[in-house]
Amino acid sequence: MEYTVHVRMNEHLFLRDPESSELGRKIVREGIALFGEIGLEEATFRKLADRLATKEASIYRYFENKHRLLIYLVAWYWQWLEYQVVFQTNNIQNPHEKLERILRLLLLKDITDAPDGNGADDMDLKTLHSIVIREASKAYLTRHVTEDNRHQLFKPYKDLCARIAGVILQQQPNYPFARSLASTLVETAHYQTFFMQNLPSLTDFGTTKDETQLLEYLRHLLFTAIENPA
């Protein structure tokens, strides 16, 4: 089955909605490619403008700076991922099975309902996923996090974690740390993937680079916690 997901974004993330024009859409998609190739630190709007064969000032009409573009990309990913959680668990009654599916989604597995695993406004999900792994924490580890939070820039992440926490409570209604565990699972999936790829001595998967082992670790972390609550 083919489908397209159109994600509506918080208006505080941009100066002009990038989805309102062809240039804006190219800025987002080429921004993903640029961040994926050289990372946030090395990326500049000048380099992005060169890729687009446009003026740097044109990009500033859409985004205040590259950090705002990063938050936009990460927020888009969280909203898309929450949709996947809802879509792929909607017909599953057993909460244990739902949680198993969610763990796989955190590693971007089972995304096969559209060509090349896409189906989401023609976004490059694999590259975006790699950006989230490397850069997502930089979206909120800033001095202005409180102001950004007041504008609800991180609401998609909080909504995703709340969604996962809700399923945890379906499985174990008396578990007292559902939201903490939900955010821990998301962060662990990404940090352990990063460590596995770049700092292998910080994981048990550095030699094999086997995501199956990481999935097993996430499964152990989740079900050990909720089956043996404090």
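The values are calculated or read from the model by the stated rules, or taken from the named source; none is laboratory data. Keep in mind the model is a prediction, meaning the values are calculated, not measured. Every residue, glycine among them, receives a Cβ derived from its backbone with ideal geometry; neighbour counts consider all protein chains shown. Heads up: the accessible areas ignore ligands, DNA and RNA and are worked out on the full protein's heavy atoms, side chains in. Shrake-Rupley method; radii C 1.70, N 1.55, O 1.52, S 1.80 Å.
Being touching a Pro at 6+ places or on another chain (Cβ under 8 Å), buried (at least 19 other Cβ atoms within 10 Å of the Cβ) and aliphatic (A, V, I, L, M) is the requirement here; does Val132 meet it?
no
Yes or no: Tyr175 under 17 Å from Asn228 (Cα atoms), among the hydroxyl-bearing types (Ser, Thr, Tyr) and without any contact (Cβ under 8 Å) to a residue 60 or more places away in the chain?
yes
Looking only at region 184-230, which residues are without any contact (Cβ under 8 Å) to a residue 24 or more places away in the chain, part of a helix (DSSP H, G or I) and touching a helix residue (DSSP H, G or I) at 6+ places or on another chain (Cβ under 6 Å)?
Correct list: Phe195, Leu202.
With respect to the numbered conditions (1) acidic (Asp, Glu); (2) under 19 Å from the mean Cα position of the chain (by Cα); (3) part of a loop (DSSP other than H, G, I, E, B), which one is the sole condition not fulfilled by Asp148?
Just one mismatch for Asp148, condition (3).
Counting only residues that are in contact (Cβ under 8 Å) with a residue 40 or more places away in the chain, part of a helix (DSSP H, G or I) and either open to solvent by 70 Å² or more (accessible area, probe 1.4 Å) or over 24 Å from Val7 (Cα atoms) (or both), how many does region 151-172 have?
5
Return yes when Tyr62 is hydroxyl-bearing (Ser, Thr, Tyr), open to solvent by less than 30 Å² (accessible area, probe 1.4 Å) and more than 20 Å from the chain's Cα centre (by Cα) and no when it is not.
So Tyr62 fits the description; yes.
If you go through region 42-56 one residue at a time, how many are assigned to a loop (DSSP other than H, G, I, E, B) and open to solvent by 80 Å² or more (accessible area, probe 1.4 Å)?
Going through region 42-56 one residue at a time, the tally reaches 2.
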